[in-house]
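The structure under discussion appears below in the form of structure tokens.
The values are calculated or read from the model by the stated rules, or taken from the named source; none is laboratory data. If you're wondering where the values come from, they're calculated on a predicted model, not measured in any experiment. Neighbour counts are summed over all protein chains in view; Cβ atoms, including those assigned to glycine, are modelled from backbone coordinates with ideal geometry.
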Amino acid sequence: MTKAELIEHIHGSKEFRGAISKKMLGMLVDAVFAEIERAIRKEGKFAYPNFGTFLRRRRAGRVGRNPKTQEKVKIPPRLIVGFRAHQGFRDRLNPRAR
């Protein structure tokens, strides 16, 4: 789903139909994601109940290889974002057969 599709879907939902313009909704979506990014950068995580947690993780440096020349290349350590889904979310994705 793209940002435009998300905005269109929310705008067409019963709860928001006619209550807010698409432009304002786009600004709201941008603000929410900017705040999520800030939380991950500053606090190292962002948790949303019944959905999951985004975590800042450190990936260790390693030695890689240039596939064209086979030359060894040092890849420095870096920060990445991981996601751990809430158990309820995982259960909704994979309903158990009853």
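Things worth noting here:
- Check on residue 49, more than 17 Å from residue 84 (Cα to Cα), exposed (fewer than 10 other Cβ atoms within 10 Å of the Cβ) and of a type outside the set (D, E, K, R): no
- Tally of residues being surrounded by 11 or more Cβ atoms within 10 Å (Cβ to Cβ), modelled with pLDDT under 95 and of a type in the set (Lys, Arg) across the range 60-98: 2
Residues checked against (1) touching a helix residue (DSSP H, G or I) at 6+ places or on another chain (Cβ under 9 Å); (2) in the same structural domain as residue 1 (by TED's automatic domain parsing); (3) under 24 Å from residue 1 (Cβ atoms):
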{"position": "21", "(1), (2), (3)": "yes, yes, yes"}
{"position": "26", "(1), (2), (3)": "yes, yes, yes"}
{"position": "76", "(1), (2), (3)": "no, no, no"}
{"position": "80", "(1), (2), (3)": "no, no, yes"}
